[in-house]
Amino acid sequence: MRFLLVSVFSLPLVSALLLGVAGLNTLFDRADITSDVCSAVNGMLAVTNPWNPSTTIVMGSINACLCISTLPSFIATNSVAISASALVGKAEATSALTKMINTSTGHKTCHYPPHSVPACQPGNACGFTCKDGGQTACGVISRNAKSWECIDTQNDLESCGGCIIPLHSQLSSPEGEDCTAIPGVSDVSCIRGGCVVHRCRPGYDINSTGSSCVYVEEKDPVILAAQYGLEHIPL
Ligand SMILES: *[C@@H]1O[C@H](CO)[C@@H](O)[C@H](O)[C@H]1NC(C)=O
Ligand SMILES: *[C@@H]1O[C@H](CO)[C@@H](O)[C@H](O)[C@H]1NC(C)=O
């Protein structure tokens with residue numbers, strides 16, 4: 001009897017919890033930020049006085065690197081922001097902080113790669129962290145500048161096993177391999193952080209560990225054609 005009761009009550013509870021988690025995930029994915037305004041903010045947070053709207057109340061000083069999209073978590077954790085929110089409401093507090101960001105000197109409009117979360121850092125207002133544990137922030141060479149992306153180096157063909165341009169040590173050598181740059185390769189994947197060669201161009205053989213292509217003179221089509229031509233030179 002007791003077992004039955006527990007099941008009756010726990011099943012809906014478990015599914016409600018699961019639904020809640022799934023709902024959160026969906027929200028989180030949908031909220032994948034592509035651009036934001038961020039700044040190192042250093043000033044007094046003032047909000048409209050609810051009892052005398054023509055005046056303001058100074059809540060205290062804010063000295064933090066802030067992005068508009070991450071204000072909800074700031075408002076939930078910073079004591080000055082918490083007091084402001086308690087006094088005038090979350091919306092009004094958010095709007096006051098947004099204004100501080102927008103009007104601070106050195107505020108920047110930032111653009112973020114997929115799988116990233118804005119993470120304003122002093123001296124780097126447009127900094128970000130990679131969302132999923134398996135993603136790594138790597139430098140990539142785009143059309144005319146170096147930029148940063150979140151890359152799954154376990155599966156990324158061009159940053160396989162690690163970044164080609166590491167984020168933290170710009171002078172250090174590549175940590176991973178660009179599988180597409182293996183000499184003589186024609187079909188390759190990145191599997192669990194290692195390049196796996198499936199096929200090489202004519203004139204190359206896959207080496208015994210399947211990680212590179214080895215030039216084989218006897219199979220070089222240019223040399224073969226020359227030999228073929230020679231053999232058929234009429235005497
Ligand atoms: C702050 O700037 C952003 C981007 O320029 C803009 O969308 C937003 O409306 C501004 N908000 C305030 C309160 O100034
Ligand atoms: C295959 O090539 C890779 C990359 O050059 C090398 O590290 C590996 O030792 C080679 N394997 C053999 C068996 O030669």
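Observations on the model:
- Global form of the stretch 95-163, assessed from the alpha-carbon gyration tensor, a/c cut-off 1.5: prolate
- Gyration tensor (alpha-carbon) shape descriptor, the stretch 132-221, a/c threshold 1.5: prolate
- Mean Cβ neighbour count within 10 Å, used as a protection proxy, ranking 153-165, 179-191 highest first: 153-165, 179-191
- Those aspartates and glutamates that a straight Cα-Cα span of less than 13 Å connects to Lys219, excepting residues fewer than 8 apart in one chain: Asp205
- Per principal axis, descending, Cα span of the stretch 66-117 in whole Å: 36, 26, 16
- Residues whose amide H comes within less than 5 Å of that of Val140, counting only those at least five positions distant or on another chain, are Ser147, Trp148, Glu149 (H built at 1.01 Å from N in the peptide plane).
Every read-out reported here was derived from the displayed coordinates using simple, explicitly stated rules and does not represent laboratory data. Just so you know, these numbers come straight off a predicted model, no measurement behind them. Counting neighbours? That spans all protein chains shown, and the Cβs are built from the backbone with ideal geometry, glycine included.
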